[in-house]
1. Calculated FRET efficiency, A:Asn142 and A:Asp269, Cβ-Cβ r, R0 41 Å, to nearest 0.05?
2. Select from chain A the helices, each a whole stretch of DSSP H, whose alpha-carbon atoms run 24 Å or more along the helix axis and whose Kyte-Doolittle mean is at least -0.5; answer none if there are none.
3. Starting from the 7 Å offset along Cα-to-Cβ, what nm value, one decimal, do you get for the label separation of A:Glu330 and B:Glu30?
4. How about the range A:246-269: which of its residues lose at least 30 Å² of accessible area in the presence of all protein chains relative to their chain isolated, using a 1.4 Å probe?
5. Hey, what did the range A:40-172 get for relative contact order, percent, Cα under 8 Å, at least 6 apart?
6. Taking the range A:69-110, which trypsin sites (Lys or Arg not before Pro) meet the DSSP loop condition and have no more than 16 other C-beta atoms within 10 Å?
7. Quick check: the distance between the Cα centres of chain B and the range A:95-151, to the nearest angstrom?
8. Kindly count the pairs of lysines across the range B:2-59 whose alpha carbons are less than 19 Å apart, treating pairs on different chains or eight or more residues apart as eligible.
Amino acid sequence: MIDKEYDVIIVGAGPSGSGAAVAIAKTGAKVLVLEKRQEIGTPKRCGEGLGLSTMKRMGIEKDDSWVRRKIIGFTAYAPDGKFVRHDYKNGPEGYIIERKVFDKHLAEKAVETGARVISRAEVTRLLKENGKVCGVEVEINNKKEEIKGKIVIAADGIESKIAREAGINTTLKLSDVIAGAQFEMANIDIDSDRIEMYFGNEMAPGGYVWIFPKGEHTANVGVGVRKPYAKNSAIEYLKDFIEKRPGLRKGSILEVNCGGVPVGGLMKDMVTDNFMVVGDAAHHVNPIHGGGIGEAWVGGVVAGEVAAEAIKANNTSKKFLKKYNKLWWEKRGKKMKKLIKFREVMESFSDEEFNWMVDYLKGEDLVEFTRSSGFIKLVKILSKKPSLMKHIRKLM
Amino acid sequence: MIMIETDKRKCLRCSACVGVCPHTALTLKEHGIECDKEKCVSCGLCKDFCPMGAISVVKE
Ligand SMILES: Cc1cc2nc3c(=O)[nH]c(=O)nc-3n(C[C@H](O)[C@H](O)[C@H](O)COP(=O)(O)OP(=O)(O)OC[C@H]3O[C@@H](n4cnc5c(N)ncnc54)[C@H](O)[C@@H]3O)c2cc1C
(Lines give C-alpha, C1' and ligand atoms only; values in the text may rest on other atoms or scores of the structure.)
Protein backbone atom coordinates (compact mmCIF):
# COMPACT_ATOMS: atom_id res chain seq x y z
CA MET A 1 0.00 0.00 0.00
CA ILE A 2 2.84 2.39 0.83
CA ASP A 3 5.68 3.04 -1.61
CA LYS A 4 9.18 2.08 -0.60
CA GLU A 5 10.69 5.52 -1.13
CA TYR A 6 9.74 9.10 -0.34
CA ASP A 7 11.44 12.46 -0.46
CA VAL A 8 10.39 13.23 3.10
CA ILE A 9 8.96 11.01 5.84
CA ILE A 10 7.26 12.80 8.72
CA VAL A 11 6.79 10.96 12.01
CA GLY A 12 3.60 12.12 13.76
CA ALA A 13 0.38 13.70 12.46
CA GLY A 14 -0.08 16.41 15.09
CA PRO A 15 -0.10 20.09 14.07
CA SER A 16 3.68 20.16 13.60
CA GLY A 17 3.68 17.15 11.29
CA SER A 18 0.76 18.43 9.25
CA GLY A 19 2.31 21.91 9.02
CA ALA A 20 5.54 20.46 7.69
CA ALA A 21 3.64 18.17 5.31
CA VAL A 22 1.69 21.05 3.78
CA ALA A 23 4.83 23.12 3.23
CA ILE A 24 6.63 20.25 1.53
CA ALA A 25 3.76 18.82 -0.51
CA LYS A 26 3.11 22.29 -1.93
CA THR A 27 6.38 22.09 -3.83
CA GLY A 28 5.45 18.78 -5.42
CA ALA A 29 7.87 16.73 -3.33
CA LYS A 30 6.74 13.26 -2.27
CA VAL A 31 5.74 13.26 1.41
CA LEU A 32 4.59 10.50 3.76
CA VAL A 33 3.18 11.17 7.25
CA LEU A 34 3.15 8.21 9.64
CA GLU A 35 0.95 8.38 12.75
CA LYS A 36 0.95 5.67 15.38
CA ARG A 37 -2.50 6.42 16.77
CA GLN A 38 -5.60 4.72 15.54
CA GLU A 39 -7.26 8.11 15.12
CA ILE A 40 -5.46 11.42 14.59
CA GLY A 41 -5.89 13.78 17.55
CA THR A 42 -7.42 11.16 19.87
CA PRO A 43 -7.22 11.10 22.81
CA LYS A 44 -6.53 14.81 23.12
CA ARG A 45 -3.71 16.11 25.26
CA CYS A 46 -4.90 19.68 25.24
CA GLY A 47 -7.01 22.43 26.88
CA GLU A 48 -8.16 23.28 23.36
CA GLY A 49 -7.58 27.03 23.55
CA LEU A 50 -6.69 28.71 20.26
CA GLY A 51 -6.20 32.47 19.86
CA LEU A 52 -7.16 34.40 16.74
CA SER A 53 -3.66 35.82 16.42
CA THR A 54 -2.32 32.27 16.46
CA MET A 55 -4.77 31.23 13.77
CA LYS A 56 -3.63 34.16 11.67
CA ARG A 57 -0.01 33.15 12.11
CA MET A 58 -0.95 29.63 11.06
CA GLY A 59 -2.93 30.89 8.07
CA ILE A 60 -5.95 28.85 9.16
CA GLU A 61 -9.52 30.01 8.66
CA LYS A 62 -12.15 29.31 11.30
CA ASP A 63 -14.25 26.28 10.52
CA ASP A 64 -17.52 25.50 12.27
CA SER A 65 -16.65 21.83 12.36
CA TRP A 66 -14.05 22.41 15.08
CA VAL A 67 -15.05 25.64 16.84
CA ARG A 68 -16.85 24.93 20.11
CA ARG A 69 -16.99 28.32 21.82
CA LYS A 70 -16.12 31.95 21.12
CA ILE A 71 -14.05 33.57 23.85
CA ILE A 72 -14.71 37.24 24.59
CA GLY A 73 -12.28 37.69 27.47
CA PHE A 74 -10.57 36.15 30.46
CA THR A 75 -10.44 36.26 34.24
CA ALA A 76 -7.20 35.64 36.12
CA TYR A 77 -7.48 34.82 39.82
CA ALA A 78 -4.82 35.48 42.47
CA PRO A 79 -4.46 32.98 45.34
CA ASP A 80 -6.67 35.10 47.64
CA GLY A 81 -9.53 35.17 45.12
CA LYS A 82 -8.98 38.68 43.83
CA PHE A 83 -9.11 38.78 40.07
CA VAL A 84 -8.36 40.69 36.91
CA ARG A 85 -11.03 40.48 34.21
CA HIS A 86 -10.48 41.57 30.68
CA ASP A 87 -12.84 41.68 27.74
CA TYR A 88 -11.29 42.03 24.32
CA LYS A 89 -12.12 45.36 22.71
CA ASN A 90 -12.67 44.18 19.18
CA GLY A 91 -14.86 41.16 19.78
CA PRO A 92 -13.82 37.56 20.37
CA GLU A 93 -10.10 36.90 20.21
CA GLY A 94 -10.05 33.18 20.43
CA TYR A 95 -11.90 29.91 20.46
CA ILE A 96 -12.12 26.74 22.42
CA ILE A 97 -11.90 24.11 19.77
CA GLU A 98 -12.58 20.40 19.35
CA ARG A 99 -9.02 19.20 19.03
CA LYS A 100 -9.91 15.77 17.67
CA VAL A 101 -11.69 17.37 14.75
CA PHE A 102 -9.12 20.12 14.38
CA ASP A 103 -6.07 17.85 14.14
CA LYS A 104 -7.81 15.74 11.54
CA HIS A 105 -8.74 18.91 9.65
CA LEU A 106 -5.04 19.88 9.56
CA ALA A 107 -4.07 16.40 8.39
CA GLU A 108 -6.71 16.66 5.65
CA LYS A 109 -5.11 19.91 4.55
CA ALA A 110 -1.83 18.06 4.21
CA VAL A 111 -3.56 15.38 2.15
CA GLU A 112 -5.30 17.94 -0.07
CA THR A 113 -1.92 19.51 -0.72
CA GLY A 114 -0.55 16.18 -1.89
CA ALA A 115 0.86 14.41 1.16
CA ARG A 116 0.10 10.80 2.03
CA VAL A 117 -1.04 10.22 5.64
CA ILE A 118 -1.19 6.76 7.23
CA SER A 119 -2.55 6.20 10.75
CA ARG A 120 -1.91 3.29 13.06
CA ALA A 121 1.58 3.19 11.65
CA GLU A 122 4.18 3.35 14.37
CA VAL A 123 7.75 4.21 13.54
CA THR A 124 9.79 1.74 15.56
CA ARG A 125 13.30 2.87 14.61
CA LEU A 126 15.35 4.91 12.19
CA LEU A 127 17.17 3.34 9.28
CA LYS A 128 20.76 4.47 8.89
CA GLU A 129 23.38 4.19 6.19
CA ASN A 130 26.99 5.03 7.00
CA GLY A 131 25.74 6.47 10.29
CA LYS A 132 23.29 8.80 8.55
CA VAL A 133 19.50 8.61 8.67
CA CYS A 134 18.04 7.20 5.45
CA GLY A 135 14.50 6.19 6.38
CA VAL A 136 12.34 4.50 9.01
CA GLU A 137 11.13 1.13 10.10
CA VAL A 138 7.38 1.25 10.60
CA GLU A 139 4.95 -1.23 12.08
CA ILE A 140 1.62 -1.46 10.28
CA ASN A 141 -0.89 -4.19 11.11
CA ASN A 142 1.69 -6.00 13.17
CA LYS A 143 4.04 -6.10 10.18
CA LYS A 144 7.34 -4.27 10.01
CA GLU A 145 8.30 -2.45 6.83
CA GLU A 146 11.29 -0.39 5.83
CA ILE A 147 10.70 2.87 4.00
CA LYS A 148 13.42 5.07 2.59
CA GLY A 149 13.35 8.84 2.88
CA LYS A 150 15.85 11.50 1.86
CA ILE A 151 14.79 13.46 4.95
CA VAL A 152 13.03 12.27 8.10
CA ILE A 153 11.21 14.86 10.24
CA ALA A 154 10.50 14.04 13.88
CA ALA A 155 7.09 15.56 14.65
CA ASP A 156 6.41 12.92 17.27
CA GLY A 157 5.48 15.14 20.19
CA ILE A 158 6.72 15.18 23.74
CA GLU A 159 7.53 11.47 23.76
CA SER A 160 9.92 11.87 20.82
CA LYS A 161 12.40 9.06 20.89
CA ILE A 162 13.52 9.05 17.31
CA ALA A 163 15.25 12.42 17.60
CA ARG A 164 17.42 10.94 20.30
CA GLU A 165 18.05 7.96 18.04
CA ALA A 166 19.28 10.41 15.42
CA GLY A 167 21.68 11.90 17.95
CA ILE A 168 19.73 15.02 18.98
CA ASN A 169 19.19 15.07 22.71
CA THR A 170 15.58 16.12 23.28
CA THR A 171 15.34 14.85 26.88
CA LEU A 172 13.39 17.31 29.02
CA LYS A 173 14.53 18.43 32.43
CA LEU A 174 11.71 18.04 34.95
CA SER A 175 11.82 21.76 35.65
CA ASP A 176 11.18 22.41 31.95
CA VAL A 177 8.01 20.38 31.63
CA ILE A 178 4.53 20.94 32.97
CA ALA A 179 2.56 17.90 34.10
CA GLY A 180 -1.06 18.48 33.13
CA ALA A 181 -4.27 16.72 34.14
CA GLN A 182 -7.70 17.66 32.89
CA PHE A 183 -11.36 16.67 33.02
CA GLU A 184 -13.77 17.64 30.30
CA MET A 185 -16.77 18.35 32.50
CA ALA A 186 -20.49 18.89 31.90
CA ASN A 187 -23.26 20.31 34.07
CA ILE A 188 -20.94 22.74 35.83
CA ASP A 189 -21.40 26.41 36.76
CA ILE A 190 -18.94 28.46 34.74
CA ASP A 191 -18.45 31.72 32.92
CA SER A 192 -19.13 30.26 29.49
CA ASP A 193 -17.82 33.27 27.52
CA ARG A 194 -14.45 33.79 29.15
CA ILE A 195 -11.54 31.55 29.98
CA GLU A 196 -10.55 31.46 33.64
CA MET A 197 -7.09 30.96 35.11
CA TYR A 198 -6.21 30.45 38.75
CA PHE A 199 -2.73 31.06 40.13
CA GLY A 200 -1.20 30.05 43.44
CA ASN A 201 1.58 27.96 44.89
CA GLU A 202 -0.83 25.80 46.86
CA MET A 203 -3.34 25.33 44.07
CA ALA A 204 -1.03 24.84 41.10
CA PRO A 205 2.68 25.06 42.00
CA GLY A 206 4.75 26.07 38.97
CA GLY A 207 1.69 26.30 36.74
CA TYR A 208 -1.97 27.26 36.83
CA VAL A 209 -5.53 25.97 36.79
CA TRP A 210 -7.61 26.61 33.68
CA ILE A 211 -11.31 26.51 32.90
CA PHE A 212 -11.83 26.65 29.14
CA PRO A 213 -15.56 26.66 28.28
CA LYS A 214 -16.80 24.46 25.45
CA GLY A 215 -20.49 25.17 26.03
CA GLU A 216 -22.91 26.88 28.46
CA HIS A 217 -22.19 24.34 31.16
CA THR A 218 -19.33 22.34 29.67
CA ALA A 219 -15.61 23.03 29.98
CA ASN A 220 -12.11 21.65 30.08
CA VAL A 221 -11.08 21.99 33.70
CA GLY A 222 -7.38 21.33 34.05
CA VAL A 223 -4.28 21.97 36.05
CA GLY A 224 -0.61 22.19 35.15
CA VAL A 225 2.04 21.76 37.84
CA ARG A 226 5.80 21.51 37.79
CA LYS A 227 8.67 20.10 39.76
CA PRO A 228 10.40 21.05 41.97
CA TYR A 229 7.44 23.08 43.20
CA ALA A 230 4.75 20.40 43.05
CA LYS A 231 4.63 17.88 45.87
CA ASN A 232 1.89 15.73 44.39
CA SER A 233 0.85 14.46 41.00
CA ALA A 234 -1.19 16.83 38.80
CA ILE A 235 -4.38 14.79 39.09
CA GLU A 236 -4.38 15.27 42.90
CA TYR A 237 -4.24 19.05 42.49
CA LEU A 238 -7.08 18.87 39.99
CA LYS A 239 -9.31 16.79 42.25
CA ASP A 240 -8.55 19.13 45.10
CA PHE A 241 -9.51 22.21 43.09
CA ILE A 242 -12.80 20.69 42.00
CA GLU A 243 -13.65 19.29 45.42
CA LYS A 244 -13.54 22.78 46.92
CA ARG A 245 -15.97 24.27 44.39
CA PRO A 246 -19.61 23.18 44.58
CA GLY A 247 -20.26 24.51 41.06
CA LEU A 248 -17.74 22.03 39.71
CA ARG A 249 -18.05 19.27 42.28
CA LYS A 250 -21.58 18.41 41.13
CA GLY A 251 -20.45 18.06 37.51
CA SER A 252 -20.05 15.05 35.26
CA ILE A 253 -16.75 13.96 33.77
CA LEU A 254 -16.94 13.33 30.03
CA GLU A 255 -13.28 12.72 29.45
CA VAL A 256 -10.04 12.43 31.43
CA ASN A 257 -6.87 13.76 29.82
CA CYS A 258 -3.29 14.22 30.85
CA GLY A 259 0.06 15.01 29.32
CA GLY A 260 3.31 16.93 29.48
CA VAL A 261 3.93 20.44 28.16
CA PRO A 262 7.49 21.54 27.45
CA VAL A 263 7.95 25.12 28.69
CA GLY A 264 11.72 25.37 28.33
CA GLY A 265 14.67 23.49 26.93
CA LEU A 266 14.94 25.27 23.59
CA MET A 267 17.59 23.78 21.33
CA LYS A 268 20.10 25.69 19.24
CA ASP A 269 20.50 22.74 16.92
CA MET A 270 17.41 20.90 15.66
CA VAL A 271 18.90 19.14 12.65
CA THR A 272 21.43 16.59 11.63
CA ASP A 273 22.19 15.01 8.26
CA ASN A 274 18.86 14.10 6.59
CA PHE A 275 16.95 14.76 9.81
CA MET A 276 14.95 17.54 11.53
CA VAL A 277 12.90 17.96 14.75
CA VAL A 278 9.74 20.08 15.07
CA GLY A 279 6.88 20.93 17.46
CA ASP A 280 6.68 19.57 21.00
CA ALA A 281 9.54 17.24 20.18
CA ALA A 282 11.69 20.37 19.74
CA HIS A 283 10.01 22.00 22.79
CA HIS A 284 8.29 24.69 20.71
CA VAL A 285 5.61 25.79 23.15
CA ASN A 286 4.74 29.21 24.54
CA PRO A 287 6.45 29.00 27.96
CA ILE A 288 3.97 31.34 29.65
CA HIS A 289 0.60 29.79 28.86
CA GLY A 290 1.70 26.44 27.46
CA GLY A 291 -0.04 26.90 24.12
CA GLY A 292 1.69 24.79 21.51
CA ILE A 293 -0.74 24.25 18.62
CA GLY A 294 0.31 27.38 16.75
CA GLU A 295 4.01 27.02 17.54
CA ALA A 296 3.93 23.42 16.35
CA TRP A 297 2.31 24.31 13.02
CA VAL A 298 4.48 27.38 12.37
CA GLY A 299 7.71 25.57 13.28
CA GLY A 300 6.59 22.67 11.11
CA VAL A 301 6.06 24.99 8.16
CA VAL A 302 9.48 26.63 8.60
CA ALA A 303 11.16 23.22 8.74
CA GLY A 304 9.07 21.96 5.83
CA GLU A 305 10.05 24.85 3.61
CA VAL A 306 13.73 24.24 4.27
CA ALA A 307 13.26 20.50 3.68
CA ALA A 308 11.58 21.20 0.35
CA GLU A 309 14.46 23.46 -0.69
CA ALA A 310 16.93 20.77 0.31
CA ILE A 311 15.13 18.18 -1.80
CA LYS A 312 15.14 20.52 -4.77
CA ALA A 313 18.84 21.30 -4.30
CA ASN A 314 19.54 17.60 -3.86
CA ASN A 315 21.44 18.47 -0.71
CA THR A 316 19.97 17.20 2.57
CA SER A 317 23.16 17.59 4.59
CA LYS A 318 23.17 19.00 8.09
CA LYS A 319 24.89 22.07 6.71
CA PHE A 320 21.97 22.77 4.39
CA LEU A 321 19.22 21.91 6.88
CA LYS A 322 20.75 24.26 9.44
CA LYS A 323 18.89 27.02 7.66
CA TYR A 324 15.86 25.82 9.66
CA ASN A 325 17.71 26.52 12.94
CA LYS A 326 18.47 30.03 11.77
CA LEU A 327 14.98 30.82 10.42
CA TRP A 328 13.15 29.37 13.43
CA TRP A 329 15.30 31.20 15.92
CA GLU A 330 14.75 34.47 14.08
CA LYS A 331 11.03 33.95 13.71
CA ARG A 332 10.06 32.36 17.05
CA GLY A 333 13.08 31.36 19.13
CA LYS A 334 14.33 34.77 20.24
CA LYS A 335 10.91 35.70 21.49
CA MET A 336 10.47 32.40 23.28
CA LYS A 337 13.80 32.65 24.98
CA LYS A 338 12.68 35.98 26.44
CA LEU A 339 9.42 34.47 27.57
CA ILE A 340 11.24 31.67 29.38
CA LYS A 341 13.08 34.27 31.45
CA PHE A 342 9.77 35.91 32.13
CA ARG A 343 8.31 32.59 33.24
CA GLU A 344 11.21 32.01 35.59
CA VAL A 345 10.47 35.30 37.30
CA MET A 346 6.73 34.68 37.52
CA GLU A 347 7.21 31.25 39.06
CA SER A 348 9.31 32.66 41.86
CA PHE A 349 6.47 34.88 43.10
CA SER A 350 5.08 34.03 46.50
CA ASP A 351 1.31 33.87 46.91
CA GLU A 352 1.49 37.18 48.73
CA GLU A 353 3.27 38.78 45.80
CA PHE A 354 0.68 37.40 43.40
CA ASN A 355 -2.09 38.89 45.52
CA TRP A 356 -0.34 42.23 45.63
CA MET A 357 0.29 42.31 41.90
CA VAL A 358 -3.36 41.90 41.02
CA ASP A 359 -4.08 45.36 42.38
CA TYR A 360 -1.66 46.86 39.91
CA LEU A 361 -2.51 44.77 36.91
CA LYS A 362 -4.85 45.60 34.10
CA GLY A 363 -6.20 42.97 31.77
CA GLU A 364 -4.17 44.31 28.87
CA ASP A 365 -1.00 43.82 30.89
CA LEU A 366 -1.69 40.12 31.17
CA VAL A 367 -2.23 39.89 27.43
CA GLU A 368 1.15 41.54 26.98
CA PHE A 369 2.74 39.10 29.40
CA THR A 370 2.21 36.27 26.94
CA ARG A 371 4.12 38.30 24.36
CA SER A 372 7.66 39.50 24.79
CA SER A 373 6.43 43.11 24.98
CA GLY A 374 5.27 42.39 28.53
CA PHE A 375 8.80 42.80 29.87
CA ILE A 376 8.72 46.54 30.27
CA LYS A 377 5.29 46.45 31.83
CA LEU A 378 6.31 43.86 34.41
CA VAL A 379 9.42 45.82 35.35
CA LYS A 380 7.23 48.90 35.89
CA ILE A 381 4.89 47.04 38.18
CA LEU A 382 7.65 45.28 40.11
CA SER A 383 9.47 48.53 40.72
CA LYS A 384 6.51 49.78 42.76
CA LYS A 385 7.41 47.49 45.63
CA PRO A 386 10.98 47.37 47.00
CA SER A 387 10.71 43.70 47.99
CA LEU A 388 9.99 42.82 44.38
CA MET A 389 13.04 44.60 42.97
CA LYS A 390 14.99 41.36 43.21
CA HIS A 391 12.83 39.93 40.46
CA ILE A 392 13.73 42.78 38.12
CA ARG A 393 17.39 41.84 38.30
CA LYS A 394 16.48 38.36 37.05
CA LEU A 395 14.69 39.85 34.07
CA MET A 396 17.71 41.82 32.92
CA MET B 1 16.63 -5.06 41.69
CA ILE B 2 14.80 -1.74 41.77
CA MET B 3 12.34 -1.23 38.93
CA ILE B 4 9.74 1.10 37.52
CA GLU B 5 6.18 -0.14 37.60
CA THR B 6 3.13 1.41 35.97
CA ASP B 7 -0.34 1.07 37.39
CA LYS B 8 -2.34 0.29 34.26
CA ARG B 9 -5.59 1.42 35.84
CA LYS B 10 -4.15 4.89 36.40
CA CYS B 11 -1.99 5.31 33.28
CA LEU B 12 -3.73 7.18 30.43
CA ARG B 13 -0.87 6.40 28.03
CA CYS B 14 -0.09 10.10 27.45
CA SER B 15 3.55 8.96 27.15
CA ALA B 16 5.06 12.19 28.47
CA CYS B 17 7.22 10.05 30.79
CA VAL B 18 8.92 8.69 27.68
CA GLY B 19 10.15 12.21 26.89
CA VAL B 20 11.25 12.84 30.46
CA CYS B 21 13.29 9.64 30.86
CA PRO B 22 16.97 10.59 30.45
CA HIS B 23 17.91 7.01 29.56
CA THR B 24 15.31 6.29 26.85
CA ALA B 25 14.31 3.31 28.96
CA LEU B 26 10.55 3.79 28.52
CA THR B 27 8.40 2.89 25.54
CA LEU B 28 4.68 3.23 25.09
CA LYS B 29 3.15 -0.08 24.10
CA GLU B 30 -0.39 -1.13 23.38
CA HIS B 31 -0.82 -2.37 26.96
CA GLY B 32 0.91 0.57 28.65
CA ILE B 33 4.40 1.82 29.43
CA GLU B 34 7.20 -0.69 29.13
CA CYS B 35 10.51 -0.25 30.94
CA ASP B 36 13.79 -1.56 29.54
CA LYS B 37 15.58 -3.06 32.52
CA GLU B 38 18.92 -2.77 30.77
CA LYS B 39 18.60 1.00 30.45
CA CYS B 40 16.60 1.99 33.56
CA VAL B 41 18.66 3.30 36.47
CA SER B 42 15.63 3.71 38.78
CA CYS B 43 16.19 7.48 39.03
CA GLY B 44 12.44 7.93 39.56
CA LEU B 45 12.10 11.05 37.38
CA CYS B 46 9.19 9.45 35.53
CA LYS B 47 7.46 8.74 38.83
CA ASP B 48 7.96 12.33 39.99
CA PHE B 49 6.58 13.62 36.72
CA CYS B 50 3.61 11.36 35.94
CA PRO B 51 0.45 13.57 35.93
CA MET B 52 -1.69 10.62 37.03
CA GLY B 53 0.59 9.29 39.76
CA ALA B 54 0.62 5.98 37.91
CA ILE B 55 4.31 5.15 38.23
CA SER B 56 6.07 3.72 41.24
CA VAL B 57 9.61 2.58 41.95
CA VAL B 58 9.51 -0.96 43.30
CA LYS B 59 11.98 -3.57 44.45
CA GLU B 60 11.81 -6.73 42.43
C1 LIG C 1 -2.75 19.15 29.32
C2 LIG C 1 -2.36 19.95 28.10
C3 LIG C 1 -3.07 21.08 27.75
C4 LIG C 1 -2.73 21.83 26.61
N5 LIG C 1 -3.49 22.90 26.26
C6 LIG C 1 -3.21 23.59 25.13
C7 LIG C 1 -4.05 24.66 24.69
O8 LIG C 1 -5.09 24.95 25.31
N9 LIG C 1 -3.71 25.33 23.56
C10 LIG C 1 -2.59 25.02 22.83
O11 LIG C 1 -2.31 25.68 21.82
N12 LIG C 1 -1.78 24.00 23.21
C13 LIG C 1 -2.06 23.27 24.33
N14 LIG C 1 -1.25 22.22 24.70
C15 LIG C 1 -0.04 21.93 23.90
C16 LIG C 1 -0.37 21.27 22.56
O17 LIG C 1 -1.26 20.21 22.75
C18 LIG C 1 0.93 20.74 21.91
O19 LIG C 1 1.92 21.73 21.98
C20 LIG C 1 0.73 20.34 20.45
O21 LIG C 1 -0.15 19.26 20.32
C22 LIG C 1 2.06 19.98 19.81
O23 LIG C 1 1.89 19.49 18.51
P24 LIG C 1 2.90 18.44 17.89
O25 LIG C 1 2.45 18.19 16.51
O26 LIG C 1 4.30 18.88 18.09
O27 LIG C 1 2.76 17.14 18.79
P28 LIG C 1 1.44 16.16 19.09
O29 LIG C 1 0.23 16.96 18.88
O30 LIG C 1 1.74 15.58 20.35
O31 LIG C 1 1.60 15.13 17.90
C32 LIG C 1 2.61 14.15 17.88
C33 LIG C 1 2.07 12.94 17.18
O34 LIG C 1 3.12 12.03 16.92
C35 LIG C 1 2.64 10.72 17.10
N36 LIG C 1 3.80 9.83 17.34
C37 LIG C 1 4.63 9.80 18.39
N38 LIG C 1 5.57 8.85 18.25
C39 LIG C 1 5.32 8.25 17.06
C40 LIG C 1 5.94 7.18 16.35
N41 LIG C 1 6.99 6.54 16.85
N42 LIG C 1 5.41 6.80 15.16
C43 LIG C 1 4.32 7.45 14.65
N44 LIG C 1 3.71 8.47 15.27
C45 LIG C 1 4.18 8.87 16.47
C46 LIG C 1 1.73 10.84 18.30
O47 LIG C 1 0.82 9.77 18.35
C48 LIG C 1 1.05 12.19 18.03
O49 LIG C 1 -0.15 12.06 17.33
C50 LIG C 1 -1.59 21.44 25.83
C51 LIG C 1 -0.87 20.30 26.18
C52 LIG C 1 -1.25 19.54 27.29
C53 LIG C 1 -0.48 18.30 27.62
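The values are calculated or read from the model by the stated rules, or taken from the named source; none is laboratory data. This one's a predicted model, so the numbers in the text were calculated from it and none came from an experiment. FYI the Cβ positions are ideal-geometry reconstructions off the backbone, even for glycines, and counts take in every protein chain you see. The area values use the complete protein model at the heavy-atom level, side chains included, leaving out ligands, DNA and RNA. Shrake-Rupley method; radii C 1.70, N 1.55, O 1.52, S 1.80 Å.
1. Using R0 = 41 Å, I get an efficiency of 0.70.
2. Details: long enough: A:293-313 (30 Å, 0.94).
Membrane-span-like by this criterion, though nothing is claimed about a membrane: A:293-313.
3. 4.8
4. At a threshold of 30 Å² (probe 1.4 Å), the residues of the range A:246-269 that become less exposed are A:Val256, A:Cys258.
5. Once normalised by length, the contact order is 18 percent.
6. Details: sites: A:Arg69, A:Lys70, A:Lys82, A:Arg85, A:Lys89, A:Arg99, A:Lys100, A:Lys104, A:Lys109; in loops: A:Lys82, A:Lys89.
Those that pass, being in a loop and sparsely packed, are A:Lys82, A:Lys89.
7. Comparing the Cα centres of chain B and the range A:95-151, I get a distance of 25 Å.
8. Close lysine pairs under the 19 Å cut-off: 14.
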